[in-house]
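The values are calculated or read from the model by the stated rules, or taken from the named source; none is laboratory data. Predicted, not measured: the structure shown is a model, and the values here were computed from it. Note that we place each Cβ from the backbone using ideal geometry, even for glycine, and neighbour counts take in every protein chain shown.
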Amino acid sequence: MDCDALNAERTRLLAERDDLKSPLLSSNTDAELEAELTKLNGKFFTVEKAQFNKGCPAVANASPASVMR
């Protein structure tokens, strides 16, 4: 993946996280929500690591320590 594709995937993952955290849209139990967030965190970490390894420019308002919770 190139930097643009990685940025797009990062943005998609952030949107997915926001959808999961929305009480109106989520019918998940706390355990299901925690499991989904854990899975998203793993994907998010992988994308950010790939961005770092490729030397992609930092995304505005991005933080490498942005834990998705």
Exercise. Looking at region 12-69, which of its residues are at pLDDT below 80, surrounded by fewer than 10 Cβ atoms within 10 Å (Cβ to Cβ) and hydrophobic (A, V, I, L, M, F, W, C)?
Worked result: L24, A60, A65, V67
Seminar exercise, completed: Here the qualifying pairs (Cβ atoms under 6 Å; residues six or more apart or on different chains; first in region 8-21 and without any contact (Cβ under 8 Å) to a residue 24 or more places away in the chain; second among the acidic types (D, E)) come out as L20/E36
